[in-house]
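The values are calculated or read from the model by the stated rules, or taken from the named source; none is laboratory data. A quick note: this is a predicted structure, and the numbers were derived from the prediction, not measured. Note that we place each Cβ from the backbone using ideal geometry, even for glycine, and neighbour counts take in every protein chain shown.
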Amino acid sequence: MLSRDKAAMLEKGGKQLLEDIVTPEEEIKDPFVLEFLGLKDEYSENDLEEALVQQLEHFLLELGGDFTFVGRQRRLRIGDEWYRVDLLFYHRRLRCLVIIDLKLGKFTHADAGQMHLYLNYAREHWTHSDENPPVGLILCAQKDHAVARYALEGLTNKVLAAEYRTALPDEKMLEAEVDKTRKMIEERAALKADRRGRR
């Protein structure tokens with residue numbers, strides 16, 4: 001209000017700063033707690049998908065506020081083969097499609113290859129010119145961090161693997177997660193302060 005050149009001030013304020021940039025790793029959490037699905041000990045990937053779609057409002061809340069549902073079992077043909085993407089979302093802040101592949105068991109390197117295939121197709125055929133490249137999320141029951149690192153690192157597409165749980169973790173695990181998050185917030189604040197100090 002007090003600025004003499006309001007237009008220049010508004011233009012400068014409208015530009016995205018380096019610290020404003022959001023990454024898929026920051027926007028997509030790991031793990032997801034899907035207790036609201038009410039799944040019992042034995043279920044199939046189809047059961048998991050059906051339960052997620054039936055409880056879509058709860059699933060969207062678990063994913064985060066900027067996700068919008070696009071579709072399920074979206075078909076794509078590559079060469080002579082037909083494939084289906086389990087779930088397709090759009091993330092408003094990332095401005096990209098998010099392909100979710102559901103896995104009942106452990107994350108494997110083959111899952112990364114399959115998702116890479118989907119993302120290459122989606123980038124060419126489903127992505128609009130004003131959107132960012134699509135992001136893949138492999139939602140699995142277990143993830144070995146070393147396997148995930150070597151399978152996902154260096155891919156031209158952004159592929160993330162995240163665990164899901166059908167029940168809330170115990171109290172000690174929750175405390176550890178709170179401590180981990182607190183430390184991450186403190187590190188970010190220190191990094192921001194360091195950047196300001198260099199200017």
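Observations on the structure shown:
- Filtering the stretch 158-177 to residues that are out of contact with any helix residue (DSSP H, G or I) (no Cβ under 8 Å at 6 or more places or on another chain) and either surrounded by 10 or more Cβ atoms within 10 Å (Cβ to Cβ) or in a loop (DSSP other than H, G, I, E, B) (or both) leaves A162, E163, Y164, D170, M173, L174, E175, A176, E177.
- Helices (runs of 4 or more DSSP H) (entirely within the stretch 54-157) containing at least 2 residues that are in contact (Cβ under 8 Å) with a residue 40 or more places away in the chain and out of contact with any Lys or Arg (no Cβ under 8 Å at 6 or more places or on another chain): 109-125, 145-152
- Selected residue [closer than 14 Å to T166 by Cβ and either over 18 Å from the mean Cα position of the chain (by Cα) or at pLDDT 85 or above (or both)] from L94, L87, L37: L37
- The stretch 1-34, subset of a type in the set (K, R) and not in a loop (DSSP other than H, G, I, E, B), residue modelled with the highest pLDDT: K12
- If the condition is being under 15 Å from the mean Cα position of the chain (by Cα) and among the β-branched types (V, I, T), then the stretch 134-167 contributes V135, I138, V159.
- Residue that is surrounded by the fewest Cβ atoms within 10 Å (Cβ to Cβ), among those in the stretch 59-89 that are more than 24 Å from S44 (Cβ to Cβ) and acidic (D, E): D80
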